[in-house]
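Worksheet: the structure to be examined is printed underneath.
The values are calculated or read from the model by the stated rules, or taken from the named source; none is laboratory data. Treat the numbers as computed from the prediction; the structure is a model and nothing was measured. Here the Cβ positions follow ideal geometry from the backbone for every residue, glycine too, while neighbour counts run over all protein chains shown. Ligands, DNA and RNA are excluded from the accessible area calculation, which covers all protein heavy atoms including side chains. Shrake-Rupley method; radii C 1.70, N 1.55, O 1.52, S 1.80 Å.
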Amino acid sequence: MTILAIAGSVRTKSFNQMLLRAAIELAPAGTTVEAASIKGIPLYDGDDEAASGVPAVVQALKDRIASASGLLLVTPEYNNSIPGVFKNAIDWTSRPGSDIARVYGGRPVGVIGATPGQGGTSLAQAAWLQVLRTLGTLPYFGARVLVSGAGKVFDDNGQLIDSVVRGQLEKYMAGFAQFVARHAR
Ligand code: FNR
């Protein structure tokens, strides 16, 4: 079973990419977590879409989501909400609207996130729920991973060194994988 995971930050030392890599490591046996990147996705432009359709990089991401059993969003929080770069990428994958059911309909989706500050991205995670409902997904509510103080949770090499967070993530991945297996389309 494959879960596709997307981190909503493209910078090299992204804490959310570190969290995604830890999620890959801690996935339970029998579950493969594959990483997909939003790097290179252009700003949504309705004129470009009308002229040329969905860009190849977006089409490829849509097809990867559609062929995965589940989707894991690893979200930063900007100004108490979803970062524009991440929302833009997911907005592109919702085009054309006639393809939303194939890509997202009934698909199990988990949301986790990390911040160097406090609050653990809880407001960004909550904001994603509106989007996930609109896309007709099946959000996972069985556990939460809200990483605060990420500068101390990961070391300079991006390794997850906090044993409490490690335990939370391991439990989350086990529960989410079970949920995905139960509801995979
Ligand atoms: C932030 N950051 C931030 N953090 C947070 O916990 N709540 C917030 O509302 C915000 N707001 C915010 C706005 C903008 C424009 C930026 C650039 C940053 C800090 C943010 O969590 C931090 O930059 C993380 O390191 C971003 O995630 P990655 O890139 O490390 O994955």
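Structure values in brief
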| quantity | calculated |
| --- | --- |
| Radius 12 Å from Cβ of residue 22, net charge of other residues (Lys, Arg +1; Asp, Glu -1) | -2 |
| Entries in 39/62; 13/87; 87/171; 62/87; 13/39 that, when Cα-Cα distance is taken, lie over 25 Å | 87/171 |
| Extension gain from residue 134 to residue 182, taking 0.36 nm per residue of separation minus the Cα-Cα distance | 15.1 nm |
| Virtual paramagnetic centre 7 Å along Cα→Cβ of residue 43, amide N under 16 Å, in region 57-89 | 84-89 |
| Rounded FRET efficiency, nearest 0.05, which uses the C-beta distance separating residue 32 from residue 163 and R0 of 25 Å | 0.50 |
| Average accessible surface area per residue within region 22-101, 1.4 Å rolling probe, Å² | 47 |
| Magnitude of the charge dipole, the chain, Cβ model with Lys/Arg +1 and Asp/Glu -1, debye to 20 | 440 |
| For region 1-141, share of DSSP beta bridges that run antiparallel, in % to the nearest 5 | 5 |
| 5 Å binning of all Cα-Cα separations within region 1-84, expressed as whole percents from 0 upward | 3, 13, 21, 21, 19, 14, 6, 2, 1, 0 |
| Folded to 0 to 90 degrees: helix 15-26 orientation relative to the chain principal axis, Cα | 80 |
| Exposure ranking of 25, 34 by accessible area [1.4 Å probe, largest first] | 25, 34 |
| Principal-axis tilt of helix 163-183 within the chain, Cα atoms, nearest 10 degrees | 40 |
| Computed [θ] at 222 nm, deg cm²/dmol, the chain (DSSP H ≥ 4; -39,500 (n - 2.57); rounded to nearest 500) | -13500 deg cm²/dmol |
| Charge tally in the Cβ shell below 15 Å around residue 48, where Lys, Arg are +1 and Asp, Glu are -1, residue 48 excluded | -3 |
